[in-house]
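Have a look at the structure below before the remarks.
Please treat every number below as a calculation from the coordinates, not as lab data. The shown structure was predicted, so the numbers you read here are calculated from the model rather than taken from an experiment. No Cβ is skipped: glycine too gets one built from the backbone with ideal geometry, and neighbour counts run over all protein chains shown.
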Amino acid sequence: MHAPSVRQAVDNLLHNALRFSPEGGSVTVTLAPSGERVSLAVADEGPGIAEAEREAVFEPFHRTRGQQGPGTGLGLTIVREIARRHGGTARVAPSGPGATVVLELGRRLESPPALD
């Protein structure tokens, strides 16, 4: 596993969760190994991501409806690309209030191919 890129993906997930959580809200990180895979879920108490936008948020420069403030709309695009290069996935999980983004990776993968 290429630690710097995985760290970047986790940093992006945490940054988004902290950014969208209300003041005084919490961010929950769950790590769950399962066989040859491991899932890392980051959940926040923010406005959430509408079901219709759960795939679109991974597209470059996409910003959810009503999103304001700084940001380029690349954070989750980068997360998904890092996951893909590690033989994994990134997805928005159905959740109660707030959003939960899940990064799933293989546990025993070698270094991923270089980014183009």
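A few remarks follow.
- Here His86 meets each of (1) more than 22 Å from Pro4 (Cβ to Cβ); (2) surrounded by 18 or more Cβ atoms within 10 Å (Cβ to Cβ) with one exception, condition (1).
- Thr28 falls short on exactly one of the conditions (1) in contact with a strand residue (DSSP E or B) (Cβ under 7 Å, 6 or more places away or on another chain); (2) among the hydroxyl-bearing types (Ser, Thr, Tyr); (3) surrounded by 14 or more Cβ atoms within 10 Å (Cβ to Cβ), and that condition is (3).
- Every pair of residues 6+ apart whose Cβ atoms lie under 8 Å, when the first sits in the stretch 34-61 and is within 17 Å of Leu105 (Cα to Cα) and touching a residue at least 40 places away in the same chain (Cβ under 8 Å) while the second is of a type in the set (Gly, Ala, Ser) and buried (at least 18 other Cβ atoms within 10 Å of the Cβ): Arg37/Gly88; Val42/Ala17
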